[in-house]
Amino acid sequence: MSSIGKLWKFIGAAAVLALAGTAGWLLFGPAKPAALTGTTITLGPTAPVDGQFARAEGLREFNFPLDHGPHPDFQTEWWYYTGNLQTAEGRRFGYELTFFRRALTPQSAPVTGSDWRTSQAYLAHFALSDIETQDFRYDEKISRGAAGLAGGQGLPIFEVWLEDWSVREVGAGRYALSANTAGYGLELELTDLKGPILQGDRGYSQKGPEDGNASYYISLTRLESTGKLRIGDNIWNVNGLSWMDHEFSTSALSAGQVGWNWFSIQLDEGNELMLFTLRREDGSLDPYNAGTIINTDGTTKLLGSDDFQIIVRDTWRSPHSGAEYPAEWEISIPAEGIVLNVKPLIPDQELNTFITYWEGAIGVEGKRQGLPVKGFGYIELTGYAGSMQGKF
């Protein structure tokens with residue numbers, strides 16, 4: 001996730017698919033199921049009401065790998081992969097591959113009929129940052145969640161795909177990521193080093209004061225990554241670290257909120273940090289800002305709005321949209337002795353899709369308890385090219 005409802009990015013496209021009419025969707029299973037060991041985290045149930053989308057209204061039970069798959073009773077969902085990679089010679093790249101699902105209507109039972117009938121729309125974004133040349137490339141696809149064109153599943157193995165862009169579980173804690181365009185492509189094997197991290201209150205992430213204005217939020221914060229990256233006719237062997245966010249909800253921005261900033265940071269010492277801040281139109285601190293420190297052993301510490309501070313040290317104005325974005329940050333978490341300086345690895349990592357936003361690779365340096373730390377990560381910035389109110 002990016003922190004709240006990334007599916008605003010294709011609500012317009014979902015409306016286009018809605019005009020095609022239809023309900024029900026088709027899962028397209030893999031040819032070779034993998035032998036997996038499941039994980040269950042029991043908290044409490046959440047059930048939809050007839051004729052309405054389910055809402056995140058409290059703690060729920062998580063079962064893996066089932067809950068890595070889609071939750072069509074909720075209106076919005078995304079699987080969000082980002083990573084920082086390098087060649088043996090040290091050439092660096094960043095990438096984003098994100099799949100979004102949007103339910104067009106509440107669905108209480110499967111609908112029979114044509115394989116093309118669906119109530120689910122899927123969108124995917126694939127972006128690549130070439131740090132050496134400072135080039136930023138991105139592409140997007142949209143399709144219906146039917147006839148094998150796009151979809152997802154949790155069992156017997158996790159998989160999410162849109163045409164030939166996909167992430168598929170190939171073994172216990174191992175995933176194959178694949179995305180290709182005419183100009184660039186990426187093939188990675190991801191190995192989960194920490195297991196599912198439940199963000200917020202044991203997976204329940206509140207975004208506003210209203211009932212149900214929340215999401216269920218799961219992360220894989222340290223995915224060892226190896227594979228091949230292509231730009232044009234050039235192919236490199238790469239390795240590095242990736243991060244996965246999976247979020248599902250039926251919610252929107254609260255009154256006064258205009259966008260958000262989301263940070264995922266992987267430190268070389270083996271810890272990770274997730275932070276999101278909800279941007280208010282009056283500039284005030286939102287009480288639902290939150291974060292998580294993930295320790296080397298996978299244990300976590302939840303951060304509230306008063307536990308951290310983010311100061312903008314520089315800005316960058318887009319030559320495409322004219323929007324002015326933060327372009328350098330100082331993050332401090334006093335109780336942990338953490339002070340980090342964060343900078344984009346490329347200034348221009350703005351995507352102009354259905355909504356204009358900035359999403360890109362970052363470098364991190366600083367101190368924790370007086371000792372130097374460094375790392376890499378990703379940031380998403382929304383609402384700078386126009387308020388996100390009413391956009392999803």
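All of the numbers you see were taken from the coordinates with simple rules; none came from a lab. What you see is a predicted model, and the numbers here were worked out from it, not measured in a lab. Cβ atoms come from the backbone with ideal geometry, glycine included; neighbour counts cover every protein chain shown.
One table, with the values for the structure above:
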{"read-out": "Stretch gain in nm, segment Thr105-Asp306, where the contour uses 0.36 nm per residue and the Cα spacing is subtracted", "value": "68.5 nm"}
{"read-out": "Region 213-367 - Kirkwood radius from inverse mean 1/r over Cα pairs (Å)", "value": "17.5 Å"}
{"read-out": "Calculated from backbone phi, Karplus (6.51, -1.76, 1.60) coupling profile of region 226-239 in Hz, x at Gly/Pro", "value": "9, x, 10, 10, 10, 10, x, 8, 8, 10, 10, 7, 9, 8"}
{"read-out": "Calculated P(r) of region 155-271 - Cα pairs past 18 Å, %", "value": "63 percent"}
{"read-out": "For region 242-247, Karplus couplings with θ = phi - 60° (6.51, -1.76, 1.60), whole Hz, Gly/Pro x", "value": "10, 9, 10, 10, 10, 9"}
{"read-out": "Residues with amide H under 5 Å from that of Glu61, placed H, sequence gap 5 or more", "value": "Leu43, Gly44, Thr46"}
{"read-out": "Principal axes of region 6-381: Cα extent on each, largest first, Å", "value": "62, 51, 46"}
{"read-out": "For region 91-106, Karplus couplings with θ = phi - 60° (6.51, -1.76, 1.60), whole Hz, Gly/Pro x", "value": "6, 9, 9, x, 9, 9, 9, 10, 10, 10, 10, 10, 7, 7, 9, x"}
{"read-out": "Nonlocal amide H pairs with Leu253, under 5 Å, H built at 1.01 Å", "value": "Gly390"}
{"read-out": "log10 of Debye I(q)/I(0), alpha-carbon scatterers only, for region 152-208 at 0.12, 0.24, 0.26 Å⁻¹", "value": "-0.41, -0.98, -1.03"}
{"read-out": "Positive-pole candidate from Gln120, Thr296, Gln86, dipole of region 6-381, charges at beta carbon", "value": "Gln120"}
{"read-out": "Space enclosed by the convex hull of the alpha-carbon atoms of region 81-227, per residue, Å³", "value": "156 Å³"}
{"read-out": "Test item: Cα-centred dipole of region 115-204, Lys/Arg +1 and Asp/Glu -1 on Cβ, debye", "value": "400 debye"}
{"read-out": "Long-range amide H partners of Val373 with built H, under 5 Å", "value": "Gly366, Lys367, Arg368"}
{"read-out": "In region 6-381, lysine pairs closer than 15 Å at Cα, eight or more apart or cross-chain", "value": "4"}
